[in-house]
């Protein structure tokens, strides 16, 4: 009787326990990745391996940004099952700028504005159905936006 | 010291198009105060969480590379008029703020 109850309790608790760390991980700021000062470290700390390029990741940004303090960037992923979009500005002092986790059917689309210190590649890494992909696009910056 | 957040939601079918403007200096730590000549310390939003009727729909993490007064546009599926959309942020000093808004009727 007791054993049966214990098994029943375990059966009830296990799925709950499995869910907890995931939720916690999603909520905790990824300090190591966001403070990394070179692209290789930032990519590694953000959990990015060696993704293949995909044109299904669409990056809309100006070819030339006159003001690096306010650079509009729009990202759309057409990859099925997109869970996570991570945006790296390769030549910024800290290359990882932002990450977006899409939950509950939110469209894999984001539009925001970032700071760029100088002309750089924008590298977007997408995690979709457990695999990672990337695409990139250069933005030329006339006046850098890190000291503003 | 919480600055205002502005939000605009447009509903098309079950798709809510959301635009948010968060008042925040997003200091890089590389800027001098023009009056005192002192460096202004690093101070930036780290996380932004969006929920629809208390269900998480978008989790953003970022650093000082996001522009001052962060702007975000995103599209949430499965929304209906009257649903409650909440946006909450927390920053590198432990400060936080949020806004709640009702999804309006579709056009």
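What follows is calculated from the coordinates using simple rules that are stated; it is not laboratory data. A quick note: this is a predicted structure, and the numbers were derived from the prediction, not measured. All Cβ positions, glycine included, derive from the backbone under ideal geometry; neighbour counts span all protein chains shown.
General observations
- Intensity falloff of chain B expressed as log10 I(q)/I(0), Debye formula with alpha-carbon point scatterers, at q = 0.18 Å⁻¹: -0.84
- Model label sites at residue A:111 and residue B:54, defined 7 Å from Cα along the beta-carbon direction, differ in position by 3.2 nm.
- Segment A:30-143, relative contact order in percent, only Cα pairs under 8 angstrom and at least six apart counted: 33
- Across peptide B:50-62, the mean count of Cβ atoms from other chains lying within 10 Å of each residue's own Cβ comes to 6.
- Relative packing of peptides B:100-106, A:104-110, A:56-62 - highest average C-beta neighbours within 10 Å first: A:104-110, A:56-62, B:100-106
- Rounded to 5, the percent of DSSP beta bridges in segment A:30-143 classed as antiparallel: 85
- Calculated P(r) tail over 25 Å for segment A:30-143, as whole % of Cα pairs: 16
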